[in-house]
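Read the figures in this text as sums done on the coordinates, not as results from a lab. Since we're looking at a predicted model, the values are computed, not measured. Here the Cβ is made from the backbone with ideal geometry for all residues, glycine too, and neighbour counts use every protein chain on show.
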Amino acid sequence: MHAELIFYWLLFFVAMLYASVGHGGASGYLALMALFSFSPDSMRSTALILNIFVSLIAFVQYYRGGHFRWSLFWPFAIASIPAAFIGGLITINPSVYKVMLGALLIFPIIKLAGLKFDEEKQTQKQGLAGSIAIGFVIGLFSGMIGIGGGIILSPVILLLHWANMKQTAAVSALFILVNSVSGLAGIFTQGLHFNPAMAWMVIVALMGGLTGSYIGAMKVKGVLLRRVLAFVLLIASFKLLFT
C-alpha cells in the first residue's frame, strides 16, 4: 500500500514537471513503471495513454495563453505522424533505443544549461526541409519507444532559434499529442495491453498535468522554464540510460 502511494505521488510530480514545459511525460512514466516493476507488456501503451491526456492539457493551457504557432508546428507534424505509426508497428529491442535516446539527450542538456536565450531576440526563419526531416526521425523514435518526442523537439527548436520558450512548449505539447495517438494506433494493430490501475493513473496524471501546465503557461518566466527543461531532460536521460 505504501509503495502504491509513493508511486502515485511520484506520478503526480512527474506529470506536473513535464507539463510545465509542454511535455506529456512518457519517458518519466516509463521510468517510474520500470522502477515499480510494472509488466513490460503494458508499459508502452500505458505511457502513451497518460501522454495523450497530459499533453492535451498542456496544449490547451499554452494555446489559451496565446503561445501556439501553427506555422511552426505543421512542418514537424506532417512527417512525424506517419513515422510514429510506423514506429508503433516495429517490434524491436527497446533497450538499444533507450540508451541511444538517453545519450542523445546529454547534448541538449549541456547546451540548454548554459544557453543564453534572449526572449526579445528576433527568432530565425524556420527551415521547411529540415523541419520535415526532424519530424520524421523524432516520430519514428517516438513510436518505437513509446514517447511523444517533445524531449527531443523542444531543445532542437530552441537551439535553432525558431521560437521562444513558451511557443516551443505550446508546439511540443501538440506534437506529443499527435505522435502519441499515432504511435498508439500502430501498437493497436498488434494488441494493446494496459495496466489494471490505468483509471487511477490517468486521474493522478491529469491533476499533475493541470497544475504544471498552468504554472508553465501563466506564471513562470521563459528563463526559468529553460532551466526546468534542462532539468527534465537530465532526469529523462538518467532514467533512459540506467533503468
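Points worth noting:
- Among 34-41, 132-139, the peptide with the highest mean count of other Cβ atoms within 10 Å heads the list, and the full ranking is 132-139, 34-41.
- Cβ-based exposure ranking for ILE52, ILE92, in which fewest neighbours within 10 Å come first: ILE92, ILE52
- Förster-model FRET efficiency, 25 Å R0, PHE13 and ALA199, C-beta, rounded to 0.05: 0.80
- Among LEU159, LEU105, LEU32: highest mean-square fluctuation, GNM of the chain, C-alpha pairs under 10 Å: LEU159
- Here segment 53-98 and segment 191-207 have alpha carbon centers that stand 20 Å from each other.
- Residues considered: VAL96, VAL54, VAL232. Largest GNM mean-square fluctuation over the chain, using C-alpha springs under 10 Å, is found at VAL96.
- Peptide ranges 146-157, 6-17 listed from the most packed, as the mean C-beta count within 10 angstrom indicates: 146-157, 6-17
- Difference of contour (0.36 nm per residue) and Cα-Cα distance, LEU104 to ARG69: 10.0 nm
- Calculated [θ] (222 nm, deg cm²/dmol) that DSSP helices of n ≥ 4 give over the chain, each run adding -39,500 (n - 2.57): -25500 deg cm²/dmol
- Only helices reaching 20 angstrom along their own axis (Cα) with mean Kyte-Doolittle hydropathy no lower than 0.5 count here, and for the DSSP H runs of the chain these are 2-19, 40-64, 70-89, 94-114, 128-145, 165-188, 198-214, 222-242.
- Cα-based Rg of the chain normalised by 2.2 N^0.38 Å, two decimals: 0.92
- For the chain: lysine pairs under 22 Å (alpha-carbon distance), excluding those fewer than 8 apart on one chain: 17
- Considering only ALA79, ALA217, ALA19, the mean-square fluctuation computed in a Gaussian network model of the chain, springs between alpha carbons under 10 angstrom, is largest for ALA79.
- Tensor-based shape of segment 16-56 (alpha-carbon gyration tensor, a/c under 1.5 rounded, otherwise prolate or oblate): oblate
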